[in-house]
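Some notes on the structure that comes next.
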Amino acid sequence: AQRVTQPEKLLSVFKGAPVELKCNYSYSGSPELFWYVQYSRQRLQLLLRHISRESIKGFTADLNKGETSFHLKKPFAQEEDSAMYYCALRGLSGYSSASKIIFGSGTRLSIRP
Amino acid sequence: EAQVTQNPRYLITVTGKKLTVTCSQNMNHEYMSWYRQDPGLGLRQIYYSMNVEVTDKGDVPEGYKVSRKEKRNFPLILESPSPNQTSLYFCASGRKNTGELFFGEGSRLTVL
């Protein structure tokens, strides 16, 4: 079964400190992983995907298949990073898996000045 | 402006009174999906559609119906709402077989 776990409901760090939002997944085949973000009063939007291997707004995420993790990291947090972050998975095996995009329960990141 | 539009944004209704939440996208996306967001449970998929006249159940389809008569519209229908359907609902669309979803602003539904 597909599952995405975000163990932290809330993460609070000081401005300038490193940030790591944890995401673990369960999927028997080959997955595609994403991070979505929702800033206050804005729509949920894609932040980054593992396939792109890009850094967006200073955030990076590496897919670790051995640990089945896709943690989101940023070396120096900024106040504008405060938001709700969701990890998501799309299976790449089979019709039904490709249609399901599963989200974790989300982590609220709060950056303290 | 490319976007996903949901209506109504807020609704309070009573048990058993049929309601429809509309969703429309102007990006010519094949894929559309409905999610509900509940505290501690994240976003759970209700129904999705890969194209016109093609719909399928997500993880929590009970009590909901959908239709996809046109590419741009994907309404969510609650035939007989119950209090456990009180939630925040999101519609999303995307190109087929990609994981990039574009979300609506959400519709907060309260069933008394």
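Quick note: the coordinates plus some simple rules give every number you see, no bench work behind them. Computed from a predicted model, the values in this text were never measured in an experiment. Every residue, glycine as well, gets a Cβ built from its backbone with ideal geometry; the counts of neighbours run over all protein chains shown.
Evaluate the relative contact order of the stretch A:39-95 (contact order divided by residue number), counting alpha-carbon pairs under 8 angstrom at least 6 apart; express in whole percent.
The normalised contact order for the stretch A:39-95 reaches 25 percent.
So for the protein assembly as shown, Kirkwood radius off the Cα pairs, Stokes-Einstein at 20 °C and 1.002 mPa s: how many µm² s⁻¹? All intermediate terms of the calculation are to be shown ahead of the outcome.
Details: Rh = 18.0 Å.
Taking Rh from Cα pairs, D becomes 119 µm²/s.
About the Cα centre of the protein assembly as shown, how large is the charge dipole given +1 on each Lys and Arg Cβ and -1 on each Asp and Glu Cβ? Please answer in debye to the nearest 20.
For this selection, approximately 220 debye.
Can you give the % of DSSP beta bridges in chain A that are antiparallel, to the nearest 5?
Working: 29 of 34 bridges.
Restricted to chain A, the bridges split so that about 85 percent are antiparallel.
Over the stretch A:1-65, what relative contact order in percent results from Cα pairs under 8 Å that are six or more residues apart?
In percent, rounded to a whole number, it is 23.
What's the average, rounded to a whole number, of partner chain beta-carbon atoms within 10 Å of each residue's beta-carbon in A:100-108?
Mean shielding by partner chains, rounded to a whole number: 6.
For every helix of n ≥ 4 consecutive DSSP H residues, a contribution of -39,500 (n - 2.57) applies; sum these over the protein assembly as shown, divide by its total residues, and give [θ] at 222 nm rounded to the nearest 500 deg cm²/dmol.
My calculation for the protein assembly as shown gives -500 deg cm²/dmol from helical runs alone.
Restricting to Cα pairs below 8 Å that are 6+ residues apart, what does the relative contact order work out to for chain B? Please round to a whole percent.
Relative contact order for chain B comes out at 36 percent.
Compactness ratio of the stretch B:3-111: Cα Rg over 2.2 N^0.38 Å, N = residue count?
Here the answer is 0.98, to two decimals.
Distance cut-off 31 Å, Cα to Cα: go down the list B:LYS18/B:LYS57; A:LYS100/B:LYS18; A:LYS100/B:LYS69; A:LYS57/B:LYS96; A:LYS73/B:LYS69; A:LYS9/A:LYS57 and report the pairs above it.
Violating the 31 Å limit, Cα to Cα: A:LYS73/B:LYS69.
When each pair of different Cα atoms in chain A is counted once in the 1/r mean, what is the Kirkwood radius in angstroms, to one decimal?
14.2 Å
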